[in-house]
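Just below is one structure, and these are the notes that go with it.
The values are calculated or read from the model by the stated rules, or taken from the named source; none is laboratory data. Quantities reported herein were computed from a predicted structural model and do not represent experimental measurements. Methodologically, a virtual Cβ is constructed for each residue, glycine included, from the backbone with ideal geometry; neighbour enumeration extends over all protein chains shown.
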Amino acid sequence: MEVRVQNSSQEADFVILGFNTSEQLQVTLFALFLLMHLVTLSGHLTIVAVTFIDSALQTPMYFFLRNLSSIEVCYTLVIVPKMLANFLAKSGRISLTDCATQMYFFIALGGAECFLLAVMAYDRYVAICNPLRYALVMSRNFCVLLLVAACVSGFTISLGLTTLIFRMPFCGSHKINHFFCDIPPMLFLACSDTHANEVAVFLVCMMILLIPFLLILVSYVFIANSIFRIKCPEDRKKAFSTCAAHLTVAILHYGCAIYIYIRPKSSYSLYQDKVVSLIYTNVTPMLYPMIYSLRNKEVKGALKRIWEKKFVSMET
């Protein structure tokens, strides 16, 4: 009997409930989040293009920034298009395979981003605390190795976690009280004891979220100590500016994720999690390019040089 129940649960589709609002408000939300999505994509793609084209930005810091933006583009494309489609669709139906695929890439890309943010903190640590050894330590090959390690770790961990979640039997309601296939709402749909799954999710999230975040904080303790010892005010301001953008992004990214995932199931509030996830997947990715570009003179200078080279020269 149990096998038949599990099989039927694996064959059935899920329904993403999304936001229970009026049809008129759904259209308004669609327009709002479509605009935000386009701003997010254009911002990150601009960073990718600028850091790739401009010769002055061929440094480890901008190599990691370019790949962080690339991950963010893929990350938002996993969640937002389906969310936008559900604003206009009468049914938010999604197959089990599509649901599992969405969760897999969401966790994989989110995990890769978490590890990459920790790598970027290490890059800033070496640049500020050991500037004389920076070029030797952060070689091109080593940077590529760190990037590959971050991505492979994220995708490998995601495979195990997604498999764990979708091996559970979903023999009751198949209505997902969320706007995408996330871990907490899927745990609520399971019709078996999920205690072991919750422990596994907690341990994995500790590995992906808490440990890298603590490493980032420790790195910035050493970085702050080195910055305060810089005698030249201009050099101190420049060092602080390059670190402040990364630290702001790290706090936004880890803060929302830790709130959602490092909690026991009994303390979940699906409505609150839905709101936080909306910020986590739509608002903060839109802010990241603004944080990096508006506070970074090198990026703004590169944009100006590219503009003058491509467009001003054409007019003359």
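Some values worked out for this structure:
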| item | result |
| --- | --- |
| Positions within region 11-48 being without any contact (Cβ under 8 Å) to a residue 40 or more places away in the chain, of a type in the set (V, I, T) and part of a helix (DSSP H, G or I), in sequence order | T28, V48 |
| Flag for A56 being at pLDDT below 85 and in a helix (DSSP H, G or I) | yes |
| Identity of the residue in region 208-257, polar (S, T, N, Q) and surrounded by 15 or more Cβ atoms within 10 Å (Cβ to Cβ), that ends up nearest to A118 (Cα to Cα) | S219 |
| Residue check for S158: of a type in the set (S, T, N, Q) and either surrounded by 16 or more Cβ atoms within 10 Å (Cβ to Cβ) or in contact with a helix residue (DSSP H, G or I) (Cβ under 7 Å, 6 or more places away or on another chain) (or both) | yes |
| Top-ranked residue of region 170-193 - restricted to ones that are hydrophobic (A, V, I, L, M, F, W, C), within 24 Å of the chain's Cα centre (by Cα) and assigned to a helix (DSSP H, G or I), ranked as nearest to Y104 (Cα to Cα) | I183 |
| Test for I71: is it of a type in the set (V, I, T), under 23 Å from the mean Cα position of the chain (by Cα), at pLDDT 95 or above and surrounded by 18 or more Cβ atoms within 10 Å (Cβ to Cβ) | yes |
| Meets criteria (without any contact (Cβ under 8 Å) to a residue 24 or more places away in the chain and closer than 26 Å to L41 by Cα) for V299 | no |
| Residue in region 194-202 that is at pLDDT below 90 and in a loop (DSSP other than H, G, I, E, B) present | yes |
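Rundown of residues vs (1) assigned to a loop (DSSP other than H, G, I, E, B); (2) touching an Asp or Glu at 6+ places or on another chain (Cβ under 9 Å); (3) not acidic (D, E), yes/no style:
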residue: L117; (1), (2), (3): no, no, yes
residue: D123; (1), (2), (3): no, no, no
residue: R133; (1), (2), (3): no, no, yes
residue: L159; (1), (2), (3): no, no, yes
residue: M168; (1), (2), (3): yes, no, yes
